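The values are calculated or read from the model by the stated rules, or taken from the named source; none is laboratory data. All values reported here derive from a predicted model rather than from experimental measurement. Counting neighbours? That spans all protein chains shown, and the Cβs are built from the backbone with ideal geometry, glycine included. The accessibility values were calculated without ligands, DNA or RNA, using every heavy atom of the protein model including side chains. Shrake-Rupley method; radii C 1.70, N 1.55, O 1.52, S 1.80 Å.
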Amino acid sequence: MTKTLPMNRRLMSLCACMVVFSIPLMSGQDRSQYRDYRIGDDLRAIAEQSGLTPPMARIIPPEPAGLQELAWRPHYCRGAARQSDAVARVTFGFYNDQLFRIVIDYDRLRTAGMTEADMVEAISETYGPRSRRVVSTRAVTKRAGQGADFLVAVWEDTDYSVTLLRMPDHSAFRMIVASTRLGTLAQAAGAGTVRFDLHEAPDPDVPACTTDDEDGHSIQHKARLANKAAFKP
């Protein structure tokens, strides 16, 4: 009895430690939300969270019932985000008043110099290890609305997916958080895929710079160090 009791205590302590260390891992893989926005929430709740009152949404396209979209630029809304926040625009897609897709476009200036590996590392801290780096299957390509060439990495489970893409001209990154079930229903109802606007005017706050000389590389290197340290998905 006296020899068995210490062993049992050691086993109990080991189990307790395993539980404690497993909590951050489990919580870090919740792909059903982006920051405080949760898939399945209604439009009014999302609008209030974003500081948009009354909610301003548009039907996309006008014909199919139940499809709505809410676009939000954090730096232009009350109580929105710090000026150092890398998010330039968030677009919420709703199906029957349920959030099914969140599209996050990152500011070119706030991600300047960052590599795909830098982005994957930062996002993995929130969503866990990536499922794959290169994706070429039709289902995922259609869901992301891009050709496989622009896909960087995917974090997914049976219910949700997080997709990281890079702008075709390599100037910026985009992340899409989506519900597999609601996304399928929304597509069946007529929701379009998400596509980069290649004709979108560049951010006027982003200074033009060249990287084909030492000064240019130095600027990019300094930008990468600063942006990588401050970046939060």
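Residue-wise test of (1) small (G, A, S); (2) modelled with pLDDT under 70; (3) in a helix (DSSP H, G or I); (4) touching a Lys or Arg at 6+ places or on another chain (Cβ under 9 Å).
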position: T2; (1), (2), (3), (4): no, yes, no, no
position: L5; (1), (2), (3), (4): no, yes, yes, no
position: R10; (1), (2), (3), (4): no, yes, yes, no
position: L14; (1), (2), (3), (4): no, yes, yes, no
position: R44; (1), (2), (3), (4): no, no, yes, no
position: L70; (1), (2), (3), (4): no, no, no, yes
position: A88; (1), (2), (3), (4): yes, no, no, yes
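Put simply, of V152, V140 the only residue that is open to solvent by less than 40 Å² (accessible area, probe 1.4 Å) and either modelled with pLDDT under 65 or part of a loop (DSSP other than H, G, I, E, B) (or both) is V140. The single condition among (1) open to solvent by 10 Å² or more (accessible area, probe 1.4 Å); (2) farther than 16 Å from Q49 by Cβ; (3) at pLDDT below 95 that E121 does not meet is (3).
Cβ-Cβ distance below 7 Å, separation of 6 or more or different chains: which pairs start in region 157-185 with a residue that is among the acidic types (D, E) and end on one that is part of a strand (DSSP E or B) and buried (at least 19 other Cβ atoms within 10 Å of the Cβ)? Sorted first by the residue in region 157-185, then by its partner, the pairs are D159/S179. Restricting attention to region 92-116, and to residues there that are within 15 Å of the chain's Cα centre (by Cα) and without any contact (Cβ under 8 Å) to a residue 60 or more places away in the chain, which single residue is surrounded by the most Cβ atoms within 10 Å (Cβ to Cβ)? Ranking the qualifying residues of region 92-116, first place goes to F92.
Screening the candidates V206, V162 for the property of being surrounded by 11 or more Cβ atoms within 10 Å (Cβ to Cβ) and either assigned to a helix (DSSP H, G or I) or modelled with pLDDT of 75 or more (or both) yields one hit, V162.
The residue list I219, I176 contains one member that is modelled with pLDDT of 80 or more, farther than 13 Å from Y106 by Cα and touching a Ser or Thr at 6+ places or on another chain (Cβ under 8 Å), which is I219.
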